[in-house]
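Let me begin by presenting the structure, written as structure tokens, before commenting on it.
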Amino acid sequence: DSQGASALFDMIEYYESATHLNISFNKHIGTRGWQAAAHMMRKTNCLQYLDARNTPLLDHSAPFVARALRISSSLVVLHLENASLSGRPLMLLATALKMNMNLRELYLADNKLNGLQDSAQLGNLLKFNCYIQILDLRNNHILDSGLAYICEGLKEQRKGLVTLVLWNNQLTHTGMAYLGMTLPHTQSLETLNLGHNPIGNEGVRNLKNGLIGNRSVLRLGLASTKLTCEGAVAVAEFIAESPRLLRLDLRENEIKTGGLMALSLALKVNHSLLRLDLDREPKKESVKSFIETQKALLAEIQNGCKRNFILAKEKEEKEQKLQQSASMPEITVTEPLEEGPAEDGRDGSAASTPEEGEEAGETPTASENGDAELAEDDDRGNELQRDADAGSPAASPASAPSQGNERRISVSSPGRGHKIFVVTRVESLPERAASAARPWEDADAAAKPAEPQSPAPATKPELPAPRANGMVPESAAGSATAPAVPSAGSNPKWGDPVACESAAHDTPLPNGLKTDFARALPEASSDGDGKMGSCAAEHELSCSKNEQELEELLLEASQDAGQEPL
């Protein structure tokens, strides 16, 4: 009753935590109860779903709810089926909802809404509110006159209404003429349910040209609409023309051999329809052999839908692969170093680094990317492998003894070529090698909290030192094999200048190149005028730098050298 309802709503308002509230089938809430409900709707910002079906909202209660809906900022779904809304309550509700920008789903079934004042209010609501996406008006008395008002509102909907349910509203071919003229103007409507209306064959003919001119409808319900073979032929013409229709419901209609034949032929040229609902049992025919023909045609129609479904799935998978392989650079590790099981697992599936401006969430893992690319172009993969094999001895004199212990990292970026980096040497003190693995894992975990294989953040890699003194020299960056770098997991002793110098083989660094790269450079540098480098830049790097930075170094080097073909 009203006392219990107001106490309940006061509690819900006080705790402000309820997101879904169902008060359906409460006949005795009364004005005081609805007043408390409206107060709760105004004050709570978390309530998203309110179900008040079969709970009467009468004239004296409606103003409170209407005021709350005009101000309410959180309600997304509102069920008011069979709530005695016809007349003043609907007028107040529709007027309030013109201002509401948050409600997405409005269910008004079984309210005896009429084809005059009530429908005029709904048409007016659609003119001004372009946020409601689902409007369910089933089992009312909208009639053709009411549909004319609703169509006026629909014409104004540039974005907004996605689903319109007009099931069982005594609509005829006259109303379909209004709807046929409106459909070419609607841009967001995807689902239109006209089931259980006596539309007839003439109604479908009136609707056909509007449907063909429409660019948005994906699902159409015509169940129990008094159609025969003639109406099915009109529907088949629309199917043959439609490049986007996904589902069509034609159950409970008297569609016999002729209509099924037209639908079967239409499906031969249609490649979008995934589901066509027809009665399973064939209709009675004067010629007995036609019953077998109907069964064969029903099977043909189902096979056509299955074929479209498989085609759609293949197309979607192909598009995903193309998008993955074309949209971002990738880093693929082909031969992991033998550093320990935990490191191998992580290094073997290094995450790819997204392009600048792309969302990290859309980035697939590098191993998928690599598989997709290799599957598409075997020749290029063979060339890469040959280059990698040819390049590994030339990368560094130290690479020969550690041949079995090396790792290749392939970095590719669209339009910038493809580079293979060969890890040939790991500078790490033996007593610290075991303990070194853990800080890297911790740093990795801090950098990628979601999961080990999640993509790197979508920012352009910024390198502190390498580009300060000038570009990477052409001979180093553009050669068949780019300079190799030590593995990220090895954690060499960055801070020790003696270790640094011995790692660099006491060679001057060409053109400000980082000491990382110098470790694997050939003894004789081809650039005579290269600037002298020092370990100063190295000391800035601390042990907390993780594998992601190494990948950023690789990526930048590949972008610098990308203009030259592999």
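Observations, loosely collected:
- Accessible area of residue 244 in the full protein assembly, 1.4 Å probe (Å², nearest 10): 60 Å²
- Calculated FRET value between residue 272 and residue 67, using beta carbons and R₀ = 41 Å, to 0.05: 0.35
- Cβ-Cβ FRET estimate between residue 244 and residue 289, R0 fixed at 35 Å, reported to 0.05: 0.45
- Distance between modelled label sites at residue 216 and residue 76, nm, 7 Å Cα→Cβ extension: 2.0 nm
- Rolling a 1.4 Å probe over the protein heavy atoms of segment 1-42, with every protein chain left in place, gives an accessible area that is 51 percent carbon and sulfur.
- Ellipsoid fit via the Cα gyration tensor, segment 202-256: semi-axes of 18, 12, 9 Å, each the root of five times an eigenvalue, largest first.
- Extension gain, residue 251-residue 117: 0.36 nm per intervening residue step, less the Cα-Cα distance, totals 45.0 nm.
- Listed peptides 172-182, 248-258 by packing density, highest first (mean Cβ within 10 Å): 172-182, 248-258
- Computed 3J(HN,Hα) for segment 12-26, one whole-Hz value per residue from the Karplus formula 6.51 cos²θ - 1.76 cosθ + 1.60 where θ = phi - 60°, is 4, 5, 5, 7, 6, 9, 6, 9, 10, 10, 10, 10, 5, 6, 10, glycine and proline marked x.
- Pairs exceeding a 20 Å alpha-carbon distance, out of 112/159; 226/268; 127/159: 112/159; 226/268.
- Taking θ as phi - 60° and the Karplus parameters 6.51, -1.76 and 1.60, the scalar couplings of segment 163-170 work out to 10, 10, 10, 10, 3, 6, 10, 6 Hz in sequence order, x denoting glycine and proline.
- Amide hydrogen proximity for residue 254: with H placed 1.01 Å from N in the peptide plane, the residues at 5 or more positions away or on another chain lying under 5 Å are 227.
- Applying 0.36 nm per residue to the separation of residue 309 and residue 88 and subtracting their alpha-carbon distance, the gain on full extension is 74.8 nm.
- Accessible-area order (highest first, 1.4 angstrom probe) of the listed residues 64, 128, 9: 128, 64, 9
- Reported to the nearest whole Å, the Cα centre-to-centre distance from segment 39-94 to segment 280-329 is 43.
- Taking a point 7 Å out from the Cα of residue 98 in the direction of its Cβ, the residues of segment 61-85 whose backbone N falls within less than 14 Å of it are 70.
- Rh (Kirkwood; distinct C-alpha pairs) - segment 70-201, Å: 14.4 Å
- Segment 187-240 and segment 141-175: distance between their alpha carbon centers, rounded to Å: 14 Å
- Given charges at Cβ of Lys, Arg, Asp, Glu: segment 146-211 dipole, positive-most of 170, 186, 204: 186
The values are calculated or read from the model by the stated rules, or taken from the named source; none is laboratory data. On a predicted model such as this, the values are computed, not experimentally measured, just so you know. No Cβ is skipped: glycine too gets one built from the backbone with ideal geometry, and neighbour counts run over all protein chains shown. These accessible areas exclude ligands, DNA and RNA; they are computed on the full protein's heavy atoms, side chains included. Shrake-Rupley method; radii C 1.70, N 1.55, O 1.52, S 1.80 Å.
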